[in-house]
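Input: a single structure, listed below in structure tokens.
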Amino acid sequence: MFNFIKFASKKPKIKKDVERDAQGNALFEIAIKDKSEVLAPFSLDNKDTINVEFANVLDNTAKSFSKKEKLHLNLKCDKLSDKEKESFSLAIKNYYFNALIEDERKLKNNIFLFWVMIALSIVSLGVLFITNFFSAPWIVIEVIDIIAWVFVWEAVDLLAFQRSLLRYDKQHDYALYKMKITFEN
């Protein structure tokens, strides 16, 4: 057991070397080989968004930084006009704005399901009390007891574990929404 503690304490931390810009933001660069692959082929309400593959590259890169870190994206692409630069910036912002809306919806749904699970657990614990009071067969009492504790556990899981993951996703998407975007030819 002590060997495990020694191993865990001496295990090197995996950390990415972070390049910083002049303001201290974490800088990462992405080279674009084909600028036609950045924007999604569809737009909603005349607002462009980025392609899913490009969003996956951004997400994967941003995951290596702390969620509290301010980000700076430097896009390298040949022959970008000012209009294309503005379009790419707005498309990235639109994509992560939509992701933030989805994150907020998931958080609200999580709270709603938490209250539903609390209500179902209270009802099932009440039914358990009634079956105990009227001396129902032991198998019925055991089944209701298991059902009641499943609802209680599900409520705890929703609030304690799943909600923290949803908040992490929201903070991640917010950091990408607020990141500084620059271009290099």
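Output the residues belonging to region 68-107 that are assigned to a helix (DSSP H, G or I) and either among the small types (Gly, Ala, Ser) or under 30 Å from Val150 (Cα atoms) (or both).
Our first condition is that a residue be assigned to a helix (DSSP H, G or I); within region 68-107, this holds for 82-107.
Listed by number, the residues that qualify are Ser87, Ser89, Ala91, Ala99, Glu102, Asp103, Glu104, Arg105, Lys106, Leu107.
Given the conditions (1) over 14 Å from Asp173 (Cβ atoms); (2) in a helix (DSSP H, G or I); (3) not β-branched (Val, Ile, Thr), and given that Leu58 satisfies all but one, which numbered condition is not satisfied?
(1)
Could you tell me whether any residue of region 134-151 is closer than 29 Å to Arg167 by Cβ and surrounded by 17 or more Cβ atoms within 10 Å (Cβ to Cβ)?
yes
Any residue in region 108-123 that is surrounded by fewer than 19 Cβ atoms within 10 Å (Cβ to Cβ) and either assigned to a loop (DSSP other than H, G, I, E, B) or among the basic types (Lys, Arg) (or both)?
Looking through region 108-123, at least one residue is surrounded by fewer than 19 Cβ atoms within 10 Å (Cβ to Cβ) and either assigned to a loop (DSSP other than H, G, I, E, B) or among the basic types (Lys, Arg) (or both).
Kindly evaluate Ser43 against the criterion of being touching a strand residue (DSSP E or B) at 6+ places or on another chain (Cβ under 9 Å), surrounded by fewer than 17 Cβ atoms within 10 Å (Cβ to Cβ) and assigned to a strand (DSSP E or B).
Here the answer is yes, as Ser43 does meet what is asked.
Checking Met117 against (1) in contact with a helix residue (DSSP H, G or I) (Cβ under 8 Å, 6 or more places away or on another chain); (2) over 30 Å from Leu165 (Cβ atoms), only one condition comes out false. Which one?
Unmet for Met117, out of (1) in contact with a helix residue (DSSP H, G or I) (Cβ under 8 Å, 6 or more places away or on another chain); (2) over 30 Å from Leu165 (Cβ atoms): (2).
Please list, ordered by first then second residue, the pairs with beta carbon atoms under 8 Å, 6 or more apart or interchain, first in region 156-177 and under 16 Å from Asn98 (Cβ atoms), second outside any helix (DSSP H, G or I) and open to solvent by less than 50 Å² (accessible area, probe 1.4 Å).
Partner pairs satisfying both residue conditions: Ala175/Phe65; Ala175/Glu69; Ala175/Leu71; Leu176/Leu71.
The values are calculated or read from the model by the stated rules, or taken from the named source; none is laboratory data. Predicted model only: the values in this text are computed from it and were never measured. Because the Cβ atoms are built from the backbone with ideal geometry, glycine has one as well, and the counts that use them run over all protein chains shown. Quick note on the areas: whole protein, heavy atoms, side chains included, nothing else; ligands and nucleic acids left out. Shrake-Rupley method; radii C 1.70, N 1.55, O 1.52, S 1.80 Å.
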